[in-house]
Amino acid sequence: MKEYVDIHVVLATPADMEDNFDEPEEAAERINFILHCIYDRADEDVDTQWLERLLHYTWETWHQTGNLLDIEDDELLDWVDHTLATWDDADNEEDY
């Protein structure tokens, strides 16, 4: 159940991003945009562990991606939609 996942636990702060980005505030906003999109677009009755693993995967995928600030919202939304659609098919239980 989605309501049992506290998204605030995984949201980035500028301090989380300052080692990898010249503009850590903007980087934190971008990764938080992605995390919120994952959360908002997930089904309401999604398994809690499934969503937590997906949010962790999202964090790990994007928090050191150097071009994060250059990617357009539409492209990020495409990534979110693709990830949500294929997450069940991915072999990810051991990693996240």
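Observations, loosely collected:
- Identity of the residue in segment 39-88, of a type in the set (Gly, Ala, Ser) and assigned to a loop (DSSP other than H, G, I, E, B), that ends up nearest to residue 16 (Cα to Cα): 66
- Within the set 96, 39, 57, the sole residue that is among the aromatic types (Phe, Trp, Tyr) and modelled with pLDDT of 95 or more turns out to be 39.
- Some residue of segment 6-14 being within 16 Å of residue 87 (Cα to Cα), exposed (fewer than 13 other Cβ atoms within 10 Å of the Cβ) and either of a type in the set (D, E, K, R) or at pLDDT below 95 (or both): no
- Selection within segment 1-37 - more than 13 Å from the chain's Cα centre (by Cα) and under 13 Å from residue 68 (Cβ atoms): 16, 17, 20, 21, 22, 23, 24, 25, 26
- Remark: pairs (first residue in segment 46-68, more than 16 Å from residue 33 (Cα to Cα); second residue assigned to a helix (DSSP H, G or I) and among the small types (Gly, Ala, Ser); Cβ separation under 8 Å; 6+ apart in sequence or on different chains) are absent.
The values are calculated or read from the model by the stated rules, or taken from the named source; none is laboratory data. Just so we're clear, the structure is a prediction, and the values are computed from it rather than from any experiment. Cβ sites come from the backbone with ideal geometry, for glycine too, and all protein chains shown count toward neighbours.
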